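Participant: This is the structure I have questions about; it appears just below.
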Amino acid sequence: MRLRIVALLLAATATPALAAPIHQYGGLALAPKGDVLATVEDDAADHGVVTLRSVKSGKVLRTIDPCGKCGYAGLTFGPDGSLAFLARDRAAGTVTLMVDAGKAQRPVATIAGIAQTPRWSPDGTRIALLVTIGAAKEAGATQAGVRQVGEIGEHSDEQRLAVFNATGTPVVAAAVKPLSPADRYVYEYDWTPDGKGFVATTALGNGDNNWWVATLDAIDAATGDVRNIARPKTQLNFPRVSPDGKTVAYIGGLMSDFGSVGGDLWTVPFAGGEPVDVTRGAPYTVTSLARTGPTLRATVLRGDSAAVLTEGKAGAVIGWSRPASFAASDGRAAFSADGSTVAMVVQDFTHAPAIFAGPVAAPVQITHDNDAAPALATARSIGWKNDGFDVQGWLLAPIGVDPAVKHPMVTVVHGGPSAANVPNYVQRGAMADLLAAGYYVFLPNPRGSYGQGEAFTAANKRDFGGGDLRDILTGIDAVEKVAPIDDARLGLTGGSYGGFMAMWANTQTNRFKAIVAGAGLSNWVSYYGTNGIDQWMLPFFGETMYDDPKAYEDVSAIYHMKTARTPTFIYVGERDIEVPPTQSIEYWHALKDMGVETSLVIYPEEGHGIRGAANTADLRKRTVAWFDKYLGAGK
């Protein structure tokens, strides 16, 4: 399950009135020659335009905006440097695949529904696309689910692979014919070098629920026939085919949701066979993967730093690295065809997003739109040891804080559990509000997180709320040794898995004096039968709730409510299918019965994450007010 929604709370969409808009660079793609890059850019969040820039200078070469009411995504360059992209008209309910022809843009196909991930064929004559015709909801389990009325569970959106002639007559919506079979959800794919087929991660049935049992398959580009390549015991992402077509590489690991990518680098013969873990035992997490000729390029998270990795004949070599986060359209970094040039959007807690590009060993900053954006906090990486593990986290302090005075601190537990708190510019959202109010903010990466290797990520299997909570509490001890924190004024918050940890911690310790729990899990027993993604729990619990109910009961806060003492504000989206509102209602009811001060808000029309502007503003206000009431930075 994607348990990362706390990021939506801490980087909410509303911008402080006095803050200048931050220039955004979305969906970065790099041309095969490594000379031009494309992004979707905007200064406000209403309408971005496709922007082409020189990699050498960062200069804007031209902009593309054929549809003023559309949103753009899916930027991808063809072998000859042509740019394809998607234009989505939400009012019309359509997505148009377009190709930039220099002076004008030419439609290739229009889909009645949603679409994503266009990819050019190796010879540049065709473009493949993942399409969901007549989609009932946005793709992904974090999106608001369809209303549970009438006969439920009888129809699921189907994301299928379609192929279009890049230069032919535009295909209208009614004529779009998917290639891959019905009832098979395609998540990710890559063309084979001969253009005769694809490798893909797929699963039968409900796409939101079945990614955790997805398989690696080959799909014939002429017939759509599917042949299984492997059934990995891990979750998998980023399938990439070698130039000779003989080997498939992918990222495999214990991942708690599609999109939250982390694991080891694996390879398997295209003909089928047993996958091999290439980076077994490595002290880092592979987060994205690209094939550049015979060489594999990847991004990794190693402790507090993101880095570029090269996998060749000499093995895996860590290259350019910094304590920041990377982003690009197809992974976390984009590479030229020969792998010599890299480009990505880079940011950290005190530096707003900027594009870095250049030689893969030493890219440099080429955009400066956000250079004047101020730092709203100071940030430092904190490391500590617990139970034999090396653990890392981030401590943010308000600018100009008095070190001679003790201050309150709010600990933010990331979602996941397979994820990590990584540096992102602090400019808006509840985190900025807390810092402005005088709170320190602690962002731990306990066991279960990415960044320390696959064994660390898997260390909380069948131990939710055990070792990971001990890691967090030990981390707070480490922070108090180096910063002026008032141990009597500690707060705790988190969303999704972080929401579970917030609810659970209330029954395990009285150290926190105020808690905010977002879309948390209070009862794993009832959760198993009411959520829309029950398959995610099997890799973590080992068995179904019906086969091993005690394992689920043991980590359910609802069975330990007699020890809960901390005032707790709870929030959740009305149409959350990952963690249904009933989990929050059950916990709220228990706190009320125990006489613990509590408040519950269910936000209308929201899914797994609060996105609406009015709802976000309300949540930020309530969050800071709750901590102020019990921790007050001015007390």
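The values are calculated or read from the model by the stated rules, or taken from the named source; none is laboratory data. Just so it is clear, the model here is predicted, and its values are computed rather than measured. Please note: Cβ atoms are built from the backbone with ideal geometry, for glycine as well, and neighbour counts cover all protein chains shown. For the accessible areas, the whole protein counts, side chains as well, though only heavy atoms, and no ligand, DNA or RNA atoms are used. Shrake-Rupley method; radii C 1.70, N 1.55, O 1.52, S 1.80 Å.
Participant: Mind listing whichever residues of the range 271-321 are within 21 Å of residue 245 (Cα to Cα), under 20 Å from the mean Cα position of the chain (by Cα) and either surrounded by fewer than 17 Cβ atoms within 10 Å (Cβ to Cβ) or among the small types (Gly, Ala, Ser) (or both)?
Facilitator: Within the range 271-321, 288, 290, 298 meet the criteria.
Participant: Related question: Within the range 177-199, restricting attention to residues that are in a strand (DSSP E or B) and among the β-branched types (Val, Ile, Thr), which residue is surrounded by the fewest Cβ atoms within 10 Å (Cβ to Cβ)?
Facilitator: Looking at the filtered set, the residue picked out is 199.
Participant: Also: Can you tell which of 268, 248, 226 is in contact (Cβ under 8 Å) with a residue 40 or more places away in the chain, more than 22 Å from the chain's Cα centre (by Cα), surrounded by 23 or more Cβ atoms within 10 Å (Cβ to Cβ) and farther than 24 Å from residue 325 by Cβ?
Facilitator: After ruling out the rest, the residue left standing is 248.
Participant: Which residues, counting only those in the range 538-553, are surrounded by 16 or more Cβ atoms within 10 Å (Cβ to Cβ) and free of Cβ contacts under 8 Å to residues at least 60 places away in the same chain?
Facilitator: 545, 552
Participant: Restricting the first residue to the range 173-194 and requiring it to be under 24 Å from residue 205 (Cα atoms), which pairs with a second residue that is in a helix (DSSP H, G or I) and of a type outside the set (Phe, Trp, Tyr) meet a Cβ separation below 6 Å and a spacing of at least six or different chains?
Facilitator: From residues that are under 24 Å from residue 205 (Cα atoms), the pairs are 185/207.
Participant: Residue 8 passes all but one of (1) modelled with pLDDT under 95; (2) touching a Leu at 6+ places or on another chain (Cβ under 8 Å); which number fails?
Facilitator: Against the list (1) modelled with pLDDT under 95; (2) touching a Leu at 6+ places or on another chain (Cβ under 8 Å), residue 8 comes up short only on (2).
Participant: Which of the residues belonging to the range 388-431 are over 24 Å from residue 351 (Cα atoms) and in contact with a Leu (Cβ under 8 Å, 6 or more places away or on another chain)?
Facilitator: 408, 416, 417, 418
Participant: Which ones in the range 326-368 are in a loop (DSSP other than H, G, I, E, B) and under 13 Å from residue 56 (Cβ atoms)?
Facilitator: 336, 363, 366, 367
Participant: Take the residues in the range 591-635 that are of a type in the set (Lys, Arg) and open to solvent by 40 Å² or more (accessible area, probe 1.4 Å), then tell me which one is modelled with the lowest pLDDT.
Facilitator: 635
Participant: Just the residues that are outside any helix (DSSP H, G or I), open to solvent by 10 Å² or more (accessible area, probe 1.4 Å) and not aliphatic (A, V, I, L, M), please, taken from the range 485-522.
Facilitator: 486, 487, 489, 509, 510, 511, 513
Participant: Going by the conditions given, is residue 478 out of contact with any Pro (no Cβ under 7 Å at 6 or more places or on another chain), buried (at least 19 other Cβ atoms within 10 Å of the Cβ) and modelled with pLDDT of 95 or more?
Facilitator: It is true that residue 478 is out of contact with any Pro (no Cβ under 7 Å at 6 or more places or on another chain), buried (at least 19 other Cβ atoms within 10 Å of the Cβ) and modelled with pLDDT of 95 or more.
Participant: Is it true that residue 419 is in contact with a Lys or Arg (Cβ under 6 Å, 6 or more places away or on another chain) and either at pLDDT 95 or above or surrounded by fewer than 24 Cβ atoms within 10 Å (Cβ to Cβ) (or both)?
Facilitator: For residue 419, the condition - in contact with a Lys or Arg (Cβ under 6 Å, 6 or more places away or on another chain) and either at pLDDT 95 or above or surrounded by fewer than 24 Cβ atoms within 10 Å (Cβ to Cβ) (or both) - is met.
Participant: Here is a follow-up. Does any residue of the range 63-71 turn out to be among the basic types (Lys, Arg), outside any loop (DSSP other than H, G, I, E, B) and without any contact (Cβ under 8 Å) to a residue 40 or more places away in the chain?
Facilitator: No - not one qualifying residue is present in the range 63-71.
Participant: Continuing with the same structure: Quick check on the range 147-168. Is at least one of its residues at pLDDT below 95, within 22 Å of residue 99 (Cα to Cα) and open to solvent by 10 Å² or more (accessible area, probe 1.4 Å)?
Facilitator: Checking the range 147-168: at least one residue is at pLDDT below 95, within 22 Å of residue 99 (Cα to Cα) and open to solvent by 10 Å² or more (accessible area, probe 1.4 Å).
Participant: Return yes or no: is residue 461 free of Cβ contacts under 8 Å to residues at least 12 places away in the same chain and either open to solvent by 10 Å² or more (accessible area, probe 1.4 Å) or of a type in the set (Val, Ile, Thr) (or both)?
Facilitator: no
Participant: How many residues does the range 153-164 contain that are closer than 27 Å to residue 242 by Cβ and touching a residue at least 40 places away in the same chain (Cβ under 8 Å)?
Facilitator: Summing the residues that are closer than 27 Å to residue 242 by Cβ and touching a residue at least 40 places away in the same chain (Cβ under 8 Å) in the range 153-164 gives 5.
Participant: Continuing with the same structure: Kindly check whether there is at least one residue in the range 437-444 that is buried (at least 24 other Cβ atoms within 10 Å of the Cβ), in contact with a His (Cβ under 9 Å, 6 or more places away or on another chain) and either without any contact (Cβ under 8 Å) to a residue 40 or more places away in the chain or among the polar types (S, T, N, Q) (or both).
Facilitator: The answer is no; no qualifying residue exists.
Participant: Which residues, taken from the range 473-508, are small (Gly, Ala, Ser) and farther than 11 Å from residue 412 by Cα?
Facilitator: 475, 478, 483, 488, 496, 505
Participant: Continuing with the same structure: Taking the condition of a type in the set (Asp, Glu) and outside any helix (DSSP H, G or I), does residue 605 pass?
Facilitator: For residue 605, the condition - of a type in the set (Asp, Glu) and outside any helix (DSSP H, G or I) - is met.
Participant: From 13, 51, grab the single residue that is among the polar types (S, T, N, Q) and modelled with pLDDT under 95.
Facilitator: 13
Participant: Another question, if that's okay. Would you pick out the residues in the range 597-626 that are over 27 Å from the mean Cα position of the chain (by Cα) and touching a residue at least 24 places away in the same chain (Cβ under 8 Å)?
Facilitator: 597, 598, 599, 626 - these are the residues of the range 597-626 that are over 27 Å from the mean Cα position of the chain (by Cα) and touching a residue at least 24 places away in the same chain (Cβ under 8 Å).
Participant: Can you tell me which residue in the range 366-376 is nearest to residue 55 (Cα to Cα), limited to those that are in contact (Cβ under 8 Å) with a residue 24 or more places away in the chain and not β-branched (Val, Ile, Thr)?
Facilitator: 368
Participant: Right, something else. All but one of (1) among the polar types (S, T, N, Q); (2) open to solvent by less than 30 Å² (accessible area, probe 1.4 Å); (3) free of Cβ contacts under 8 Å to residues at least 40 places away in the same chain; (4) in a loop (DSSP other than H, G, I, E, B) hold for residue 202; state the number of the condition that does not hold.
Facilitator: Status for residue 202: all satisfied but (4).
Participant: Please go through the range 205-217 and pick out each residue that is in contact with a Phe, Trp or Tyr (Cβ under 7 Å, 6 or more places away or on another chain), free of Cβ contacts under 8 Å to residues at least 60 places away in the same chain and outside any loop (DSSP other than H, G, I, E, B).
Facilitator: Within the range 205-217, 216 is the sole residue that qualifies.
Participant: Among (1) open to solvent by less than 60 Å² (accessible area, probe 1.4 Å); (2) more than 21 Å from residue 425 (Cβ to Cβ); (3) free of Cβ contacts under 8 Å to residues at least 60 places away in the same chain, there is one condition residue 359 misses while meeting the rest; what is its number?
Facilitator: (1)
Participant: I'd like to check something: does the range 454-470 contain any residue that is among the hydroxyl-bearing types (Ser, Thr, Tyr), within 23 Å of residue 307 (Cβ to Cβ), in a helix (DSSP H, G or I) and in contact with a strand residue (DSSP E or B) (Cβ under 9 Å, 6 or more places away or on another chain)?
Facilitator: yes
Participant: Exactly one of these conditions fails for residue 565: (1) at pLDDT 95 or above; (2) open to solvent by less than 70 Å² (accessible area, probe 1.4 Å). Give me its number.
Facilitator: Residue 565 satisfies all of (1) at pLDDT 95 or above; (2) open to solvent by less than 70 Å² (accessible area, probe 1.4 Å) except (2).
Participant: Next up: Out of all the residues in the range 237-255, is one or more within 30 Å of residue 541 (Cα to Cα) and assigned to a loop (DSSP other than H, G, I, E, B)?
Facilitator: yes
Participant: Only one residue in 400, 388, 416, 393 is at positive phi and under 19 Å from the mean Cα position of the chain (by Cα), so which one is that?
Facilitator: None of the others qualify; the one that does is 416.
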